[in-house]
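Right, one structure below, let's go through it.
The values are calculated or read from the model by the stated rules, or taken from the named source; none is laboratory data. Keep in mind that this is a model prediction, so the values were computed, not measured. Note that each Cβ is placed from the backbone with ideal geometry, even for glycine, and that neighbours are counted across all protein chains shown. To get the accessible areas, we keep the full protein, side chains included, count just its heavy atoms, and leave off ligands, DNA and RNA. Shrake-Rupley method; radii C 1.70, N 1.55, O 1.52, S 1.80 Å.
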Amino acid sequence: MQARKSLLPALVGLLLLSVARADELPPVDELKERMQIPTATIAVYEPHETGIPGTDETLIEYVGYPANDVMALLFGSEWHLEGDTIELRALDGYIARIEAARFLEETAYLVFERADGAPFTVDNLRQNTTDVPLGPYYLVWDNVANPDLIAEGAIHWPYQVHEINRASLSGRALVPEGLDASLHGGARLTRKYCLQCHKVNGFGGEKFPGNLALLARAQTEADFIELVLAPSSVLSASQMPPVAYRLPEDERRRIAKALFDYLIALPVVE
């Protein structure tokens with residue numbers, strides 16, 4: 001019990017992002033006027049569309065602007081030098097926090113319509129949803145030029161984006177002083193796969209209520225792993241995507257167990 005108490009002060013002080021600057025994205029027509037450059041058409045393999053892993057992916061062309069150009073417009077040409085994290089907030093409560101360096105290493109676009117004139121929506125059957133609006137903006141990555149990105153699935157592809165922030169996030173936000181080193185990997189995986197929608201001790205997305213650390217404690221390890229690997233088989237109406245669904249099954253089980261081990265060991269801050 002004493003060990004848990006010693007963790008709490010460090011944890012409480014490290015939960016919040018330090019936001020350098022935030023911008024509500026303008027309506028599309030206003031963005032076009034302010035950008036003063038032609039829109040780009042980008043073909044991507046759509047990770048939200050239902051497909052069978054290992055088969056051909058759905059290739060869709062979207063229209064928008066390079067994400068780096070949009071951030072330069074909003075924040076200035078040195079947008080990547082202030083804050084180590086780009087935070088994209090969606091209308092449905094999803095919050096994607098992506099390392100700023102990634103935008104310099106890979107090519108991303110902020111898109112707002114389909115090139116073929118089809119509705120700007122997606123069928124996300126892995127999450128039991130169809131005709132989901134993608135607007136006002138949708139962040140996509142050029143996974144045609146870099147097919148290695150396909151294995152990531154849709155983790156870094158937030159839709160319904162309406163706000164972009166630059167922020168700094170301490171690496172200790174989810175790894176308080178004193179947390180067993182064997183759990184650090186689980187902390188990184190929790191941030192990667194869970195905290196766009198869920199919260200842990202007040203940090204994370206705003207799509208689903210409840211502290212994920214408490215929700216994990218309410219289940220057995222076997223039940224938790226089954227839920228994470230195949231949400232719809234446990235809860236038929238679940239909108240949670242199966243974790244790392246493009247990876248081999250043994251790797252997915254390793255990830256699910258690491259998530260559980262971390263969540264049940266993390267001190268809970270009420």
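The three principal axes of the C-alpha atoms in the range 207-267 carry coordinate ranges of 31, 25, 20 Å, sorted with the longest axis first. For the range 152-256, the convex hull spanned by the alpha carbon atoms encloses 130 Å³ per residue. Seen from every direction in turn and averaged, the convex hull around the alpha carbons of the range 164-226 projects onto 5.3 nm². If you model the range 64-214 as an ellipsoid using its alpha carbon gyration tensor, with each semi-axis the square root of five times an eigenvalue, the axes come out at 26, 20, 15 Å, biggest first.
Computed over the chain, the per-residue total of -39500 (n - 2.57) for DSSP H runs of n ≥ 4 gives a 222 nm mean residue ellipticity of -8500 deg cm²/dmol, rounded to 500. Per residue, the accessible area of the range 32-120 comes to 48 Å², computed with a 1.4 Å probe over protein heavy atoms only. Solvent-accessible area of the chain (1.4 angstrom probe, protein heavy atoms only): carbon and sulfur portion equals 53 percent. Gyration tensor analysis over the Cα atoms of the chain returns equivalent ellipsoid semi-axes of 32, 24, 15 Å (largest first, whole Å).
Excluding ligands, DNA and RNA, the accessible surface per residue across the range 158-270 is 45 Å² with a 1.4 Å probe. In loop segments of the range 53-161 as defined by DSSP, there are no chymotrypsin sites (Phe, Trp or Tyr not before Pro) with at most 16 further C-beta atoms inside 10 Å of their C-beta. Percent of Cα pairs in the range 85-147 per distance bin of 10 Å, from zero to the largest separation: 18, 45, 35, 3. Sparse packing (at most 15 other Cβ atoms within 10 Å of the Cβ) combined with a DSSP loop state is found for the following trypsin sites (Lys or Arg not before Pro) in the range 104-205: ARG172.
Counting other Cβ atoms within 10 Å, which chymotrypsin sites (Phe, Trp or Tyr not before Pro) in the range 178-258 have at most 16 and lie in a DSSP loop? Filter output for the range 178-258: TYR245.
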